[in-house]
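The values are calculated or read from the model by the stated rules, or taken from the named source; none is laboratory data. Since this is a predicted model, take the numbers as computed values, not measurements. Methodologically, a virtual Cβ is constructed for each residue, glycine included, from the backbone with ideal geometry; neighbour enumeration extends over all protein chains shown. In case anyone asks, the SASA skips ligands and DNA or RNA and just uses the protein heavy atoms, side chains included. Shrake-Rupley method; radii C 1.70, N 1.55, O 1.52, S 1.80 Å.
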Amino acid sequence: MMSNKDKKHLFLAKMKADYEQTHMNKPVEKFTLKDWEGILKNDFPDERLSSVLFINGEVAAYIMLHRSNKISHYEISWVGLDETYQDIHLLKQLLFYQLRGLQKNGVQTVGIEVDSTNPVAMDLFDFLDLNDKRSWDSYIRVNDNN
């Protein structure tokens, strides 16, 4: 998909829009699609096992998978679902497909990154009752002197 200019553009635009929509309380910088391509590449998703589902030429759903430092562990991070479809079952089917692929590749554990501001991610992992769990809040200190 990343080698197809049109599909890559659609995916990066969708990923950018989803991220901006889920971070409205603390808006993110305005990055170009080229910047988002760099952000994605620097996140090192496994291009073989990550999935972007296109329906009628549009990005319907996506889940990015990342190798861990541990051989038998992967991470799930970027997830998205198009407003046109808004069928969480479609995204869950994609996740199930990926989990089977991970299992076939010897992966034994999977971690997830879920932002409570991302309703799609919260719905995807609703079986984990994340609202009833303590959150892990992370912060980055920014040096204002630079």
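Checked against (1) closer than 21 Å to Met1 by Cα; (2) free of Cβ contacts under 8 Å to residues at least 60 places away in the same chain, Trp78 passes all but condition (2). Pairs linking a residue in region 93-107 that is more than 13 Å from Arg67 (Cβ to Cβ) and free of Cβ contacts under 8 Å to residues at least 40 places away in the same chain to a residue that is of a type in the set (A, V, I, L, M) and part of a helix (DSSP H, G or I), with Cβ atoms under 9 Å and 6 or more positions apart or on different chains, are Leu95/Leu124.
On inspection, Lys16 does not qualify as without any contact (Cβ under 8 Å) to a residue 12 or more places away in the chain and either outside any strand (DSSP E or B) or of a type in the set (A, V, I, L, M) (or both). Checking each residue in region 37-56 for being of a type outside the set (A, V, I, L, M), open to solvent by 50 Å² or more (accessible area, probe 1.4 Å) and free of Cβ contacts under 8 Å to residues at least 40 places away in the same chain picks out Lys41, Asn42, Asp43, Phe44, Arg48, Asn56. Is it fair to say Tyr19 is at pLDDT 85 or above and either among the β-branched types (Val, Ile, Thr) or within 17 Å of the chain's Cα centre (by Cα) (or both)? Against the criterion (at pLDDT 85 or above and either among the β-branched types (Val, Ile, Thr) or within 17 Å of the chain's Cα centre (by Cα) (or both)), Tyr19 does not qualify.
The residue of region 96-121 that is modelled with the highest pLDDT, among those that are open to solvent by less than 70 Å² (accessible area, probe 1.4 Å) and within 12 Å of Trp78 (Cα to Cα), is Ile112.
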